[in-house]
Amino acid sequence: MGNSDSKLHFRKAVIQLTTKTQPVEASEDVFWDQFWTDINLTAQDIFALVPAAEIRAVREESPSNLATLCYKAVERLVLNADSGCVCERDRQAVLSCIRLLTRILPYIFEDPDWRGFFWSTVPKVGKSLDEGDDESTRPLAESLLTAISDLLFCPDFTVESHSRTSADGPSDIQSMDSCEFIWEAGVGFAQTPPLSHTHDSNRTELLKLLLTCFSEEMYQSPSDMHTLNPWVSFFCSRENRHALPLFTSLLNVVCAYDPVGYGIPYNHLMFSDQRGVLAELALQTLIVSLEQELVDNSNTSTNLSTNTDTCSADYKKNTTAEGCQATRGENLFVNYLSRIHREEDFHFILRGIGRLLNNPLLQTYLPHSCKKIQFHQELLVLFWKLCDLNKKFLFYVLKSSDVLDILVPILFYLTDARANQSRVGLVHIGMFILLLLSGERNFGVRLNKPYCVRVPMDISVFAGTHADLLIVVFHKIITSGHQRLQPLYDCLLTIIVNVSPYLKSLSMVAANKLLHLLEVFSSPWFLFCSPVNHHLVFFLLEVFNNIIQYQFDGNFNLVYGIIRKRNLFHQLANLPTDVISIQKALQKKSRSNSTHNAVFMETSNPYNTACSEGPYKTTPVQTGTLNASLKAMPRIDKLTETSQVSEDGATLLLQQRDSTHSQSDHSSETQVRDTEPTSGEDDKKSEKEDCDGSPKHVSSSSDWAPTPDWVLSWKSKLPLQTIMRLLQVLVPQVEKICIDKGLTDESEILKFLQHGTLVGLLPVPHPILIRKYQANEGTALWFRTYMWGIIYLRNVDPPVWYDTDVKLFEIQRI
């Protein structure tokens, strides 16, 4: 009954606000207190009782009243944050203000005329008796963020009080060391605080408001994204005295979360899991906070390393040092993340992320008895940030087989999402991570570990290593993925090229998959119908050359496959270059309706997403599914820089980068790029894309036609010498054995190849070239768009941003 009275009382207050034609003064506390005093409503109630149409009506017709409402709500948060929410009535008022601001803010951000409102100076917000005039005129946004930060470490509201007395006053709240109240044990903090569902629920409400503040980015077009987000900049600056404990609290809550718990079947159906909700919001807040770039104006070498017994003192020391050397533009969250260096901290982080990424892969005897998390995409973004911002963490991940605990779930997600157009963005983030990892030698070495743990994937059965798994999954993506994955073909093959010099023994299944890709990509019609398709053949030939030159001894399966498919290489070497043959090949493609590789018949241009669905098997999307569009992903030449591996294992960055293949000059590159848009043109021509990252408007190669000179320019650079020499030596030997012994079983041939050698018979080994990920503005914008698209779609209860005028991406109903 009380709840019904609260709803009626609150609804009357909203109606009064929307119907008043005259401004209501800020001094009329009786009127404004109706919105948060003695109100006991959930977030869902407030969202239902404050319709979007009424918020927009007040914004347009009574802007002063909306401004005063925001001002008074922030003022109440500041006052209660300073006093410490000493009573239940204050705590309930704080929650009502939080929920009301979470509801209103998106509608303020969507109007360009209102965007600067929170950054205007408002007198007396949060002013206390001992504060000067400068403090009293700070922007409303700073007052709000400071209050949220204080409330996230408010005793008996969001953290456990260390003192049970009631003597705590405002002075105690302001002087408390929040490093003693970190939410979870982990990085830099050894004590495990008692679990409180109430505290977790209050933290969740505050983080949702914080995320809403950060979401001003969503209402800016991609062309306006070059400026820093002022909300994130202030929150992660030295002006936030809680920056360090907030960073560690968010990180530790995410990495310590275990959705399975004690393993009791169906426990997630019997008990509410507030910690899971908190972990998801903490993760989203963390990745948004890490989105800003670090502006380092000092050469500090201080490390985020604390003795767990004296963590508070050490943290204060680190924070003080940071305060002296940091600037307002410096993001302390990025700084702290990049300075983590202790192995026990890396172990905690990697184990936590690995446990959560593998959670959806768990199989149980009882159906649906184990809770499955849904925030794996945010986890992948966090893992990307960790590897990109902290190279010591990247080296720690790669120095043992623990990296395979990350690889297997990524490959599972790629396989699962490959044919679903609403999840192709997930494939992109997986590709980014694997491209980053493949640039390091240790990743290729770790792939040689046998793959024993079977994960339910829709792939061919094989017995082999994790390298075989990688190749089989990539083949599956190319042959049965959604058409909008075609721009990723060169990225997929680049990853295989990077690891190929270290693959000791491919299985027969994986070897046949690689040869099948070559068979398809080397068909004349495929090579001639796009100015860039031949790059895929160069990548595959480089894979074969790397394995033959550096790992010949154990790869008898691949050598046997090359011998069996030797006609492919002879056809490539004798590829026709005259005009008549080129036209015949293109006409043959248009006439063909079914061939042994019909699955590729519509992939005439991997960079053209306008082709029909054709033979691709796609997963139907549930009617009404919402999708967030993404920015175009840069091409592989924009994503990578080429490094040469020297004899001692060191990598040397090549002065003149070759972005597509190692044994070609730039003459053919120039001709190809003349028909392709530059990166700037890409941005203009593909300003808006579908959810999977494929552009709606891409430059078409319809006005381009292959010429004999163009074919000759790259055909003469095909790296076929090593393979041809292998065939020249081994084919006669294999044929002789088959004739002499009358062999009909391939096992004897494999045994012969296994013990054979080509030492001194092959050309001088070529240098190993590794294409490492290169940070660039295009990928930074892609990640930002992808990240906010996920957050938009995941926060639907209540729907914080639903039906608002988002500009960063498009929302599509499939």
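Of the listed requirements (1) out of contact with any strand residue (DSSP E or B) (no Cβ under 7 Å at 6 or more places or on another chain); (2) polar (S, T, N, Q); (3) crowded, with 21+ Cβ neighbours inside 10 Å; (4) assigned to a helix (DSSP H, G or I), Ser530 misses just one: (4). Checked against the criterion of being modelled with pLDDT under 60, at negative phi and either outside any helix (DSSP H, G or I) or within 19 Å of the chain's Cα centre (by Cα) (or both), the stretch 327-339 contains one or more residues that satisfy it. When Gln34, Gln92, Gln44 are checked against the criterion of being closer than 20 Å to Ser6 by Cα, at pLDDT 85 or above and touching a His at 6+ places or on another chain (Cβ under 9 Å), a single residue qualifies: Gln34.
Restricted to the stretch 173-193, and to residues there that are at pLDDT 90 or above and among the β-branched types (Val, Ile, Thr), the residue that is farthest from the chain's Cα centre (by Cα) is Ile182. Within the stretch 708-748, no residue satisfies the criterion of being farther than 30 Å from Pro524 by Cβ and touching a residue at least 24 places away in the same chain (Cβ under 8 Å). Selection of the stretch 75-111 for residues being touching a strand residue (DSSP E or B) at 6+ places or on another chain (Cβ under 9 Å) and of a type in the set (A, V, I, L, M, F, W, C) yields only Cys85. Since Val125 meets every condition but one in (1) modelled with pLDDT under 75; (2) surrounded by fewer than 21 Cβ atoms within 10 Å (Cβ to Cβ); (3) assigned to a loop (DSSP other than H, G, I, E, B), which condition does it not meet? Condition (2) is where Val125 drops out.
Val424 - would you say it is among the aliphatic types (A, V, I, L, M), more than 23 Å from Asp388 (Cβ to Cβ) and modelled with pLDDT under 90? When the stated conditions are applied, Val424 does not pass them. Based on what the data block shows, is Trp788 out of contact with any Gly (no Cβ under 6 Å at 6 or more places or on another chain) and in a helix (DSSP H, G or I)? Yes: the conditions hold for Trp788. Checking each residue in the stretch 217-255 for being charged (D, E, K, R) and under 20 Å from the mean Cα position of the chain (by Cα) picks out only Glu217.
Being modelled with pLDDT under 75, among the β-branched types (Val, Ile, Thr) and within 30 Å of Phe809 (Cα to Cα) holds for only one residue in Val277, Val295, and it is Val295.
The condition (being under 21 Å from Leu493 (Cβ atoms) and either part of a strand (DSSP E or B) or not assigned by TED's automatic domain parsing to the domain that holds Gly561 (or both)) is satisfied by just one residue among Lys751, Lys807, Lys736, Lys772: Lys772.
Just to be sure, is Ala26 closer than 19 Å to Thr212 by Cα, assigned by TED's automatic domain parsing to the domain that holds Leu209 and of a type in the set (A, V, I, L, M, F, W, C)? Criteria not met by Ala26.
Of all the helices (runs of 4 or more DSSP H) wholly in the stretch 13-74, which have at least 3 residues that are surrounded by fewer than 16 Cβ atoms within 10 Å (Cβ to Cβ) and not hydroxyl-bearing (Ser, Thr, Tyr)?
Counting at least 3 such residues, we get 52-61.
Look at Asp692 and say whether it is in contact with a helix residue (DSSP H, G or I) (Cβ under 7 Å, 6 or more places away or on another chain), acidic (Asp, Glu) and modelled with pLDDT under 90. So Asp692 fits the description; yes.
Among the criteria (1) in contact with a Ser or Thr (Cβ under 8 Å, 6 or more places away or on another chain); (2) within 26 Å of Ser422 (Cβ to Cβ); (3) of a type in the set (Val, Ile, Thr); (4) surrounded by fewer than 21 Cβ atoms within 10 Å (Cβ to Cβ), the one Ile477 does not fulfil is (4).
Is it true that Leu447 is modelled with pLDDT under 95 and either surrounded by 20 or more Cβ atoms within 10 Å (Cβ to Cβ) or within 27 Å of Glu641 (Cβ to Cβ) (or both)?
no
With respect to the stated conditions, Arg446 is within 28 Å of Lys392 (Cα to Cα), in the same structural domain as Ser500 (by TED's automatic domain parsing), in contact (Cβ under 8 Å) with a residue 24 or more places away in the chain and among the basic types (Lys, Arg). Checking Ser64 against (1) of a type outside the set (A, V, I, L, M, F, W, C); (2) under 38 Å from the mean Cα position of the chain (by Cα); (3) more than 24 Å from Leu8 (Cα to Cα), which single condition isn't satisfied? If we test Ser64 against (1) of a type outside the set (A, V, I, L, M, F, W, C); (2) under 38 Å from the mean Cα position of the chain (by Cα); (3) more than 24 Å from Leu8 (Cα to Cα), just (2) comes out false.
Evaluated against (1) closer than 24 Å to Leu630 by Cβ; (2) in a loop (DSSP other than H, G, I, E, B), Thr757 falls short on exactly one condition, (1). Could you give me the residue pairs with C-beta distances under 6 Å whose first residue belongs to the stretch 59-86 and is under 14 Å from Ile98 (Cα atoms), whose second residue is among the acidic types (Asp, Glu) and surrounded by 20 or more Cβ atoms within 10 Å (Cβ to Cβ) wherever it lies, and which are 6+ apart or on separate chains? These pairs meet every condition: Ala81/Asp150. Where helices (runs of 4 or more DSSP H) fall wholly inside the stretch 346-438, the ranges with 1 or more residues that are under 12 Å from the mean Cα position of the chain (by Cα) and either surrounded by fewer than 19 Cβ atoms within 10 Å (Cβ to Cβ) or among the hydrophobic types (A, V, I, L, M, F, W, C) (or both) are 376-389, 403-417, 424-438.
The values are calculated or read from the model by the stated rules, or taken from the named source; none is laboratory data. Being a predicted model, the structure only gives us computed values, none of them experimental. No Cβ is skipped: glycine too gets one built from the backbone with ideal geometry, and neighbour counts run over all protein chains shown.
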